[in-house]
Amino acid sequence: MEATLHPIDLLIEDVHLATMAEATEPYGAIRDGALAVADGVIAWIGPRTAVPGELRRTARRRLSGGGMWVTPGLIDCHTHLVFGGHRADEFEARLKGVRYEEIARAGGGIRATVRATREADDDVLRAAGRARLRGMREHGLTTVEIKSGYGLTTEHELRMLRVARNLEEDTDVTVITTLLALHALPDEFAHRREAYVELVCREMIPLAAREGLASAVDAFCESIAFTPDECARAFAEATRHGLEVRVHADQLADGGGAALAARFGARSADHLEYTSEAGVRAMARAGTTAVLLPGAYHVLGADRTPPVELFRVLGVPMAVGTDFNPGSSPVCQPLLAMHLACVHFRLTPEEALAGMTRHAARVLDLEAAGILRPGARADLALWEVETPAELAYWIGANPCRGVIRAGATNDPRLSSLLRDV
């Protein structure tokens, strides 16, 4: 591939590259490859033996990977990472046979976390979020989406989004924020559903858009949360304010969430355990990505899987997320989510990795991420594995040996591999 004329900031050699490009070798692999970075983007990529002399002459730093694999930095496109408290008591209750829906209807579930999050001040929320996100970065993450949804007042929803945005400077992870005010009906609106939906549409969405605090609006379209009509009102308002649409859809029953997502041209429909064939076909026509969340399936002990084979047949892209939250998916390791997607949903390891790179980038509208190619943002993860399939294979292990975000090599794990030229 043609070299850039600009000086090279970093030349990576002695590595294998999982580019995650489509219609190529598995994983888009380039064995014994090299990759050059200039001004935070990939300037050249290809076989090591084909590196142009100009790149070698102009490279300011070199990294020798010792035969490691390099992938795009992992992207978690569905998390609820900012929250107060925990819900270990509910975990115990479910093990004794109490259903998730029963807990939610009794005032637990999301509303329990709302109460804990409102009580926590900004410093507490930021410190907890910082620790969680740094841990995920240690496992190869370079980009994360973080939803609100545990405030459920204008003040607290916007506060959650601000805290989430601040985590980017704390952790060196790119943060994308989503307004999820239609997550649960807050206690103070228990008998005033219409008034709460009106508050979300007329105040929260416009303010989040005006202040640039969210890129998208999400909603929990489910019998224990909000109806398709209520969600549609929020999505229409989001579209009017230039925000993308995402949907928590068909997790507990087929409530038409996938079709609703398609109707609004949503970036994604997420969960999808009960999505019908008609819903999948609507998603395929609309270009809506399916976000699979095996952590929630695993923790809740669900017995119905998303229609993965139909997604394959109809060409619906499948992203994978941790759904990291304190109730239904306390899963904070991206690699574990990939493993669970393979075991529970029968994704291949390559599909799981594509789900946390190329397809996750698509959900977040990041055209220059999730793939290794010239012009792409130089977000990289280095792995001490013999094959990329190991990333979804090991349970609890962490083969990540460092991450590079926008070409920056400040991860201390990389220091022994780098040398200045």
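The values are calculated or read from the model by the stated rules, or taken from the named source; none is laboratory data. Values in this document were obtained by computation on a predicted structure and should not be read as measured data. Neighbour counts are summed over all protein chains in view; Cβ atoms, including those assigned to glycine, are modelled from backbone coordinates with ideal geometry. Each accessible area value is taken on the protein alone, full model and side chains, heavy atoms only, with ligands, DNA and RNA left out. Shrake-Rupley method; radii C 1.70, N 1.55, O 1.52, S 1.80 Å.
List of remarks:
- Meets criteria (part of a helix (DSSP H, G or I), open to solvent by 60 Å² or more (accessible area, probe 1.4 Å) and in contact with a Ser or Thr (Cβ under 8 Å, 6 or more places away or on another chain)) for ARG165: yes
- Within segment 278-301, being crowded, with 19+ Cβ neighbours inside 10 Å and without any contact (Cβ under 8 Å) to a residue 40 or more places away in the chain holds for GLY279, VAL280, ALA282, MET283, THR288, ALA290.
- Residue within segment 235-255 that is among the aromatic types (Phe, Trp, Tyr) and either farther than 22 Å from ARG159 by Cα or touching a helix residue (DSSP H, G or I) at 6+ places or on another chain (Cβ under 7 Å) (or both) present: no
- Members of segment 16-26 found to be farther than 17 Å from GLY66 by Cα and crowded, with 22+ Cβ neighbours inside 10 Å, listed by number: THR19, MET20
- Single unsatisfied condition, VAL41 versus (1) among the aliphatic types (A, V, I, L, M); (2) open to solvent by 10 Å² or more (accessible area, probe 1.4 Å); (3) more than 26 Å from the chain's Cα centre (by Cα); (4) under 21 Å from THR357 (Cα atoms): (3)
- Qualifying positions in segment 138-157 - open to solvent by 10 Å² or more (accessible area, probe 1.4 Å), in contact with a helix residue (DSSP H, G or I) (Cβ under 6 Å, 6 or more places away or on another chain) and in a helix (DSSP H, G or I): THR154, HIS156
- The residue that is most open to solvent (accessible area, probe 1.4 Å), among those in segment 391-421 that are of a type in the set (Gly, Ala, Ser) and over 21 Å from the mean Cα position of the chain (by Cα), is SER416.
- Selection within segment 176-206 - open to solvent by 10 Å² or more (accessible area, probe 1.4 Å) and either among the β-branched types (Val, Ile, Thr) or part of a helix (DSSP H, G or I) (or both): ILE176, ASP187, GLU188, PHE189, ARG193, GLU194, ALA195, GLU198, LEU199, ARG202, GLU203, PRO206
- Residues located in segment 211-226, provided they are touching a residue at least 12 places away in the same chain (Cβ under 8 Å) and either of a type in the set (S, T, N, Q) or farther than 26 Å from LEU272 by Cβ (or both): GLU211, LEU213, SER215, SER223
- THR227 vs. criteria touching a Pro at 6+ places or on another chain (Cβ under 9 Å), open to solvent by 10 Å² or more (accessible area, probe 1.4 Å) and of a type outside the set (D, E, K, R): no
Every residue, every condition in (1) part of a helix (DSSP H, G or I); (2) more than 15 Å from GLY327 (Cβ to Cβ), yes or no:
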residue: ALA261; (1), (2): yes, yes
residue: VAL280; (1), (2): yes, yes
residue: MET283; (1), (2): yes, yes
residue: TYR297; (1), (2): yes, no
residue: GLY301; (1), (2): no, no
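- Just one residue in the set ARG134, ARG118, ARG126, ARG111 is part of a helix (DSSP H, G or I), farther than 30 Å from ASP32 by Cα, touching a strand residue (DSSP E or B) at 6+ places or on another chain (Cβ under 8 Å) and open to solvent by 20 Å² or more (accessible area, probe 1.4 Å); that residue is ARG111.
Let's see how each residue does on (1) at pLDDT below 95; (2) assigned to a helix (DSSP H, G or I); (3) surrounded by fewer than 22 Cβ atoms within 10 Å (Cβ to Cβ):
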| site | (1), (2), (3) |
| --- | --- |
| ASP218 | no, no, no |
| CYS231 | no, yes, no |
| GLY242 | no, no, yes |
| GLN251 | no, no, no |
| ALA258 | no, yes, no |
| GLY265 | no, no, yes |
| ALA269 | no, no, no |
| GLU273 | no, no, no |
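- All positions within segment 355-376 that are open to solvent by less than 10 Å² (accessible area, probe 1.4 Å) and under 12 Å from the mean Cα position of the chain (by Cα): GLY355, MET356, THR357, ALA360, ALA361, VAL363, GLY370
- Any hit, segment 355-378, residues being closer than 20 Å to GLN251 by Cα and among the small types (Gly, Ala, Ser): yes
- Scanning segment 77-92 for residues that are part of a helix (DSSP H, G or I) and either under 18 Å from PRO186 (Cα atoms) or open to solvent by 30 Å² or more (accessible area, probe 1.4 Å) (or both) yields ALA88, ASP89, PHE91, GLU92.
- Filtered residues of segment 46-75 (kept if among the small types (Gly, Ala, Ser) and open to solvent by 10 Å² or more (accessible area, probe 1.4 Å)): ALA50, GLY53, SER64, GLY66, GLY67
- Residue match in segment 301-314 (condition: at pLDDT 95 or above and either at positive phi or of a type in the set (Gly, Ala, Ser) (or both)): no
- Candidate set: segment 377-390, residues that are farther than 12 Å from LEU17 by Cβ and not charged (D, E, K, R); chosen: the one surrounded by the most Cβ atoms within 10 Å (Cβ to Cβ): ALA378
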